[in-house]
Ligand SMILES: NC(=O)c1ccc[n+]([C@@H]2O[C@H](COP(=O)([O-])OP(=O)(O)OC[C@H]3O[C@@H](n4cnc5c(N)ncnc54)[C@H](OP(=O)(O)O)[C@@H]3O)[C@@H](O)[C@H]2O)c1
């Protein structure tokens, strides 16, 4: 169900003219820019010219029936995902993260996340022409994919599914077992060919991050971001040098699983753990240990009229140079995320929460972080 690439504009735009490249739902809309969010509410991604909202929305669960959605994707979930997209746009949160491997291309009735996001953008564009949206997607560094050409060809497939002529941010989803230098060169080629506005990596450790930064720099291209697992209860980036290296080099840290896949929202309890694969990570034992922290988060949130979800997202944003991308399955979740913006926890509260969280052993992360 891939949408057609709108009268393709794969023209070679130089990196010095990044403002001319943007994710557009159609060629006709390319000139119009209406910001729902005040520009001050946006941040530049690393040293790139790309500005995104301080919080984005993760679209991993859209179309997925292998990890999320109790192994089932149906019309109701589709409507809810579309409502999440629109609720987010309505509240000025206009940055969306997807990947070529999100959603389920093979199973009956399933669909890829990129295809859905592209459709939502197109439908929205018809009703609200000129609205700005920033799209991030990712290249899967599968072992048989070698060299820069594989990056360009996967990107063109992603654009095809999205129905866009370019994306704002293209990321390497994880480091490859081999072929990494070629992948980085592929990112540079994509920028030079006007297919992407900014480039990033994901699940890169400190050493790989520095290497990628240097290799892109030789081509005059900034590494905009590193997308890693980061939340109040998963602070590995603070301990393994990734956060410090991002801050030093001017690379934005995009925080994935920022609400610990729902565990930090207070919705799940030892008596009512999440179902499906998440239940094996966030077990009743783990959720029992989490309760004192969750209780304190609730108390603090109460003083601001904020929910637990909003407090933990605010905690991440307050770490500076961090853009969290929580996953929203429906409008209510997306609306709640928007309430994490426009206020700030005190320094004492930030430290108190870190200290309480440090008493909880983190869950095991995505092993590719250690490649
Ligand atoms: N680069 C990578 O390797 C990588 C890895 C993982 C994720 N990501 C990206 O990061 C995004 C977010 O990460 P994530 O989806 O793993 O985890 P997350 O954002 O921490 O959690 C998302 C889940 O929490 C629950 N939830 C959301 N809002 C809620 C609310 N207001 N109240 C209660 N529960 C709520 C929802 O599931 P239920 O309603 O079913 O509880 C939702 O699917 C992904 O969509 C993806 O774009 C990237």
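State all residues of segment 309-323 that are farther than 22 Å from residue 89 by Cα and crowded, with 22+ Cβ neighbours inside 10 Å; if no residue qualifies, say none. Scanning segment 309-323 gives a single hit, 315.
Listed conditions (1) touching a residue at least 40 places away in the same chain (Cβ under 8 Å); (2) under 19 Å from residue 365 (Cα atoms); (3) in a loop (DSSP other than H, G, I, E, B) are all met by residue 254, apart from (3).
With the requirement that a residue be surrounded by fewer than 20 Cβ atoms within 10 Å (Cβ to Cβ), within 8 Å of the ligand (Cβ to nearest atom) and in a helix (DSSP H, G or I), what does segment 324-345 give you? Residue satisfying the conditions is 332 alone.
Residue count for segment 210-235 under the criterion of being within 14 Å of the ligand (Cβ to nearest atom) and either within 17 Å of residue 174 (Cβ to Cβ) or not in a loop (DSSP other than H, G, I, E, B) (or both): the result is 8. Looking only at residues of segment 346-357 that are free of Cβ contacts under 8 Å to residues at least 40 places away in the same chain and under 26 Å from residue 285 (Cα atoms), we find that the one that is nearest to the ligand (Cβ to nearest atom) is 350. Taking first residues from segment 195-206 that are within 14 Å of residue 158 (Cβ to Cβ) and at pLDDT below 95 and partners that are more than 14 Å from the ligand (Cβ to nearest atom) and outside any strand (DSSP E or B), no Cβ contact under 6 Å between residues at least 6 apart in sequence or on separate chains turns up. Selection of segment 98-141 for residues being on the phi > 0 side of the Ramachandran plot and either touching a residue at least 60 places away in the same chain (Cβ under 8 Å) or not in a loop (DSSP other than H, G, I, E, B) (or both) yields 103, 130. Being more than 8 Å from the ligand (Cβ to nearest atom) and either assigned to a loop (DSSP other than H, G, I, E, B) or under 17 Å from the mean Cα position of the chain (by Cα) (or both) is a property that holds for residue 306.
Quick grid of which residues meet (1) within 30 Å of residue 216 (Cβ to Cβ); (2) near the ligand (Cβ under 8 Å from one of its atoms); (3) assigned to a loop (DSSP other than H, G, I, E, B):
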{"residue": "247", "(1), (2), (3)": "yes, no, no"}
{"residue": "268", "(1), (2), (3)": "no, yes, yes"}
{"residue": "285", "(1), (2), (3)": "no, no, no"}
{"residue": "312", "(1), (2), (3)": "no, no, no"}
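If you go through segment 287-303 and keep only what is in contact (Cβ under 8 Å) with a residue 12 or more places away in the chain and either within 12 Å of the ligand (Cβ to nearest atom) or closer than 19 Å to residue 344 by Cα (or both), you end up with 293, 294, 296, 297, 298, 300.
The values are calculated or read from the model by the stated rules, or taken from the named source; none is laboratory data. Quick caveat: nothing in here was measured; it's all calculated off a predicted structure. Here the Cβ is made from the backbone with ideal geometry for all residues, glycine too, and neighbour counts use every protein chain on show.
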